[in-house]
Amino acid sequence: MDYQGYPRNDVLCIDMRSFYASVECMKRGLDPKKALLAVVGDTTRRGSIVLAASPTLKRRYGISNVSRYFELPDDPGLIIAPAHMGDYLEVSVEITKMIRNYVPQQAIHVYSVDELWVTINGLNKLYGNPYEIAHMLQFEIREQFGIESVIGIGDNKFLAKVVMDIHAKKAEDGIAECRYEDVEAKLWPCDIHDVWGIGSRMTKNLNRMGILTLGDLARHPLKYLKKNFGIMGEQLYWHAWGIDLSPVYGNFVKTEQKSYGHGITLLRDYEKEEIYACLLDLCEEACRRARTDDKEGRTVHLGIGYSSETGGGFSRSMSIQSPTNITGDMYQVCLKLFHRFYDGESKIRRASVALTNLNDGCDVQLSLFNNEPKKKDLADVMDRIRDEYGTTAVLRASSYTSGGITIERSKKIGGHYA
């Protein structure tokens, strides 16, 4: 591969190790590297997931972020910390602010609450080579926040991310570098399942084609990858050669909105009569976001998942004549879909709604039978009250029933208690 025509940047991918657990350790004045601490999503449920474990807990007992609360060891030194998502977001924002002391905002791409990319082109005269800058940022994060980090360095985001995942986490200093010329030696021997962007299903599909490592993927004919996987196959091929043309500067927060939806996995099985209040609350959240962006949709989607006892469910959609972002209109369409496709007996464990086929908000079409301007005015007033005083400032009566979900969801961030 001739890399001469491809862009070369200095990109860092920074991952905060055991982030949630480290934040909880620092709140308690503990050393994150020595403490036995597990962050649990909901300590009232034995089956709740372990969101994070301190390095010592991982090493000594093999606990990971797929473990369950009841699987934690009976160790007197173990600390169980309920999740506080608000605290983790606050620390994440502060880390990003610290990095902005060295690079402009458009050089930072926040990938998740504990991971981000930083483009450091042109900083060598101020702070040294990329390796020295990585060490500097690693030191600042440790000194200011007490959190250990690992950093990958590459010519693009893909190389920085993959070398961080595969090599930096095993390196003594937590830093690894991979340039175009290093791809064959450092990345090709890796199992494709360990490569960012290749999930378990894609791994099985590739394995059936005899592709086991990233090197196998790079040597596989591009035309066959495109034939089997379309544009995704083409992207996998170029990634296997270390090529990634995604931008390293820009406004990475603003994206084109293609739908407004909300879904929930319920904490218990819902009966048919209870799901109505849940669907109404989900429609309210979706439509409120659409109104905020002055968008309306012509297609309503409804997804229902039955309990594990019966399994199955359905996902259906229906288009309407006039676009809308009114909660009641969307809810009525969801009810039609529900009554048409629900089997009438199964208990419900998952529900989701979405508004798609979007248009910009436009003038209301007058009708002799529906007072649309009044509906929009009422929705606008409710939105402004909620923006000023919180999500639960104005609620429908159904939200207070056993099937309502808004009150409980308002206490959470990302599905976990704030």
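The values are calculated or read from the model by the stated rules, or taken from the named source; none is laboratory data. These numbers come from a predicted model, not from an experiment. Note that each Cβ is placed from the backbone with ideal geometry, even for glycine, and that neighbours are counted across all protein chains shown. Remember, those area values only see protein heavy atoms, side chains included, never the ligands or the DNA or RNA. Shrake-Rupley method; radii C 1.70, N 1.55, O 1.52, S 1.80 Å.
Specify the inter-centroid distance of region 156-217 and region 1-19, based on alpha-carbon positions, in whole Å.
Taking the Cα centre of each part, region 156-217 and region 1-19 sit 13 Å apart.
Could you sort 214-227, 19-32 so that the peptide with the highest average Cβ count within 10 Å comes first and the rest follow in order?
19-32, 214-227
Helices from the chain with mean Kyte-Doolittle at least -1.0 and a Cα length along the axis of 24 Å or more, per DSSP H: which?
Helices passing the filter in the chain: 272-292.
For the pairs Lys58/Lys169; Lys125/Lys157; Lys58/Lys170; Lys97/Lys125; Lys295/Lys374; Lys34/Lys161, flag any whose C-alpha to C-alpha distance is greater than 24 Å.
Beyond 24 Å: Lys34/Lys161.
Taking Lys347 as the anchor, which lysines have their alpha carbon closer than 20 Å to its alpha carbon, excluding any fewer than eight residues away along the same chain?
Straight-line reach from Lys347, under 20 Å: Lys272, Lys336.
Please work out the average accessible area per residue across the chain, using the 1.4 Å probe convention, and give it in Å².
Heavy-atom accessible area per residue stands at 52 Å².
Residues with beta-carbon under 15 Å from that of Thr401, excluding Thr401: net charge, scoring Lys, Arg +1 and Asp, Glu -1?
Once positives and negatives cancel, what remains is -2.
So I have (i) 24.7, 73; (ii) 20.0, 62; (iii) 46.7, 156, and one of them is Rg and Dmax of the Cα atoms in Å calculated from this model. Which one is it?
The value matching this structure is (i).
With just the Cα atoms defining each centre, how far is region 232-257 from region 65-86? Give it in Å.
That distance is 36 Å.
What order do Thr391, Thr292 take when sorted by accessible area (1.4 Å probe), most exposed first?
So the residues, ranked largest to smallest area, are Thr292, Thr391.
Under a point spin-label approximation (7 Å from Cα along Cα-to-Cβ), what is the Gln144-Glu234 distance to one decimal in nm?
With each label point 7 Å from Cα toward Cβ, the separation is 4.1 nm.
For Lys27, list the aspartates and glutamates whose Cα falls under 12 Å from its own Cα; do not include residues on the same chain fewer than 8 positions away.
Asp87
Using only the Cα atoms of region 126-208, what are the Rg and Dmax in Å?
14.7, 50
For region 159-309, which whole percent of the accessible surface, found with a 1.4 angstrom probe, sits on carbon and sulfur atoms?
In region 159-309, the share of accessible area belonging to carbon and sulfur is 51 percent.
Could you please put His135, His239 in sequence from largest to smallest accessible area, using a 1.4 Å probe?
His135, His239
Given a Förster radius of 45 Å and the C-beta distance between Asp31 and Lys336 as r, what FRET efficiency does 1/(1 + (r/R0)^6) yield to the nearest 0.05?
Between Asp31 and Lys336 the formula returns 0.20.
Select from region 101-209 those trypsin sites (Lys or Arg not before Pro) which occupy a DSSP coil region and have at most 12 other Cβ atoms within 10 Å, ordered by residue number.
Passing both the DSSP loop test and the Cβ count: Lys170.
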